[in-house]
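Below is one structure, written out as structure tokens, with a few remarks after it.
The values are calculated or read from the model by the stated rules, or taken from the named source; none is laboratory data. Note that the structure is predicted; figures quoted are calculated from it, not measured. Positions of Cβ are generated from backbone atoms using ideal geometry, with glycine treated the same way; all protein chains shown enter the neighbour counts.
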Ligand code: ADP
């Protein structure tokens, strides 16, 4: 089909090329007079005019064409800078069918030409009567308004988006950018528009990646990458970039680049990875330390316990007189060294116990235990010590105590420690070993009326190697630490009530119902 182009402006070659590309045969006129002459000689179905011509304006030219007899069925398009409603109304009154705003966007032009073709070729009837676009000024104004509302809301969205957004043309130039993009990369729109995205924000090392991303987006793909871009001041910014095509019809005419600053998130990720690495290194160190400790304990067991036992054995032999009589001073010295050796052995035993508990290597052998029996046996053991410190020990055992499912050896160990402490710190006052069931719990108490413990020391006494007060009778400061841990292992707890000068009450509480406490799992842990 033939088109007449009456355009004397920058858009002329663009329009010419677009028409040719769509298969139109184009005649060009530089003035209104020339255009009317050409049209008069052979009418054109499509006429495109610019709003200003050297000898007239576009509106007058259109009016003249529309006024001529063949001009009734021509499709008239005007090119103009802005389309305010009054203008549109004037265009409609001049019989113009459509308008294209300058600067002419290729996508818009393609759309308008397609519309013209549709109306001319496929639906010529559409050009008759009131359906002609140019005959309904009210409708045009309404459409124009709706378009503006839509444009304004899109603009608002574009500008207020929390991401930096740039519209990139097919040749990789910045078409538009929003405020966040300007803020993120430090460019004012006027200095960035028309420049390539590469030269603005892409560091050299990322150039080929950036080009590849844009190429894929322009080819219609949505591409998401995490990469690095450069601020105007040279600072590198870690960004997530979503590149997505801007489509018109089936083709992409550019792409959006949507950037989010992820520097902080990346820093957090790196910090996390570093602390994970530190944690792993620390765990390895810890594991090593545990192994070293366990080796030390084995050494202590063999290299310390065995010789101490041998020393004590010889001391006992000498004291017994089987190796000959001793002078009184010799006996005293030997007795003192025997006590010292015994304390040393206690310390080694305590440390070994503690380390076994810590390493989770304490073996439990649960069985039904008569607590009354345990306390009676304990009495026999602790009585000589209590007597040495001038105290007597009394038993208060409730009747019909149920058997307790627990490890008797560990139970005895805890109670012996409590009772020895009561004897040592009981100051000659009576000591009571008490046992009863309260609320399904077996409550075993060791009570003395001795020196007692100050309030602020009460929590510390369960710590390793802690001895409080001024009165000490040897000991290691580990007995209560071990007892508390053992109580927990037996699914129970160790409590204390005490007042300075009034004595102490240590209470071991264990679950009372047979079978509810230690079961087969713990029994299997025996080492
Ligand atoms: P030790 O081997 O020194 O007895 P323990 O851990 O058994 O270690 O006790 C820690 C400290 O708690 C004791 O040194 C003592 O100061 C205090 N203590 C423990 N039992 C009593 C008690 N019945 N009366 C007063 N003080 C006590």
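Summed over the range 481-509, residues that are under 20 Å from residue 393 (Cα atoms) and touching a residue at least 60 places away in the same chain (Cβ under 8 Å) total 6. Kindly evaluate residue 414 against the criterion of being under 24 Å from residue 342 (Cβ atoms), in contact with a strand residue (DSSP E or B) (Cβ under 9 Å, 6 or more places away or on another chain), part of a helix (DSSP H, G or I) and within 7 Å of the ligand (Cβ to nearest atom). Taking the combined requirement at face value, the residue does not satisfy it.
When 360, 390 are checked against the criterion of being outside any strand (DSSP E or B), within 16 Å of the ligand (Cβ to nearest atom) and surrounded by fewer than 13 Cβ atoms within 10 Å (Cβ to Cβ), a single residue qualifies: 390. Scanning the range 427-449 for residues that are touching a residue at least 60 places away in the same chain (Cβ under 8 Å) and within 9 Å of the ligand (Cβ to nearest atom) turns up just one, 446. Between 419, 487, which is at pLDDT 95 or above, within 11 Å of the ligand (Cβ to nearest atom) and under 55 Å from the mean Cα position of the chain (by Cα)? On inspection, the qualifying residue turns out to be 419.
Of all residues in the range 304-339, those that are surrounded by fewer than 11 Cβ atoms within 10 Å (Cβ to Cβ) and either within 60 Å of the chain's Cα centre (by Cα) or within 16 Å of the ligand (Cβ to nearest atom) (or both) total 1. Give the range 418-449 a look and list any residue that's closer than 15 Å to residue 379 by Cβ and outside any strand (DSSP E or B), or say none. Correct list: 418, 419, 420, 422, 423, 426, 430, 448.
Among the residues of the range 84-142, the ones that are at pLDDT 60 or above and in a helix (DSSP H, G or I) come to 30 in all. Annotation note: Cβ proximity below 8 Å between a residue of the range 450-479 that is in a helix (DSSP H, G or I) and a residue that is near the ligand (Cβ under 8 Å from one of its atoms) and at pLDDT below 90 (sequence gap 6+ or interchain) occurs for 457/468; 457/469; 460/466; 460/468; 461/468; 479/350. Among the residues of the range 455-471, how many are near the ligand (Cβ under 6 Å from one of its atoms) and touching a strand residue (DSSP E or B) at 6+ places or on another chain (Cβ under 8 Å)? Of the residues in the range 455-471, 1 are near the ligand (Cβ under 6 Å from one of its atoms) and touching a strand residue (DSSP E or B) at 6+ places or on another chain (Cβ under 8 Å). Given the criteria at positive phi, in contact with a strand residue (DSSP E or B) (Cβ under 8 Å, 6 or more places away or on another chain) and within 12 Å of the ligand (Cβ to nearest atom), does residue 474 qualify? So residue 474 does not fit the description; no.
So which of 5, 15 ends up being in a strand (DSSP E or B) and either in contact (Cβ under 8 Å) with a residue 40 or more places away in the chain or not assigned by TED's automatic domain parsing to the domain that holds residue 76 (or both)?
The unique qualifying residue is 5.
Can you go through 45, 81, 70 and tell me which one is farther than 24 Å from residue 106 by Cα and either outside the structural domain of residue 112 (by TED's automatic domain parsing) or in contact (Cβ under 8 Å) with a residue 24 or more places away in the chain (or both)? Going through 45, 81, 70 in turn, the sole match is 70.
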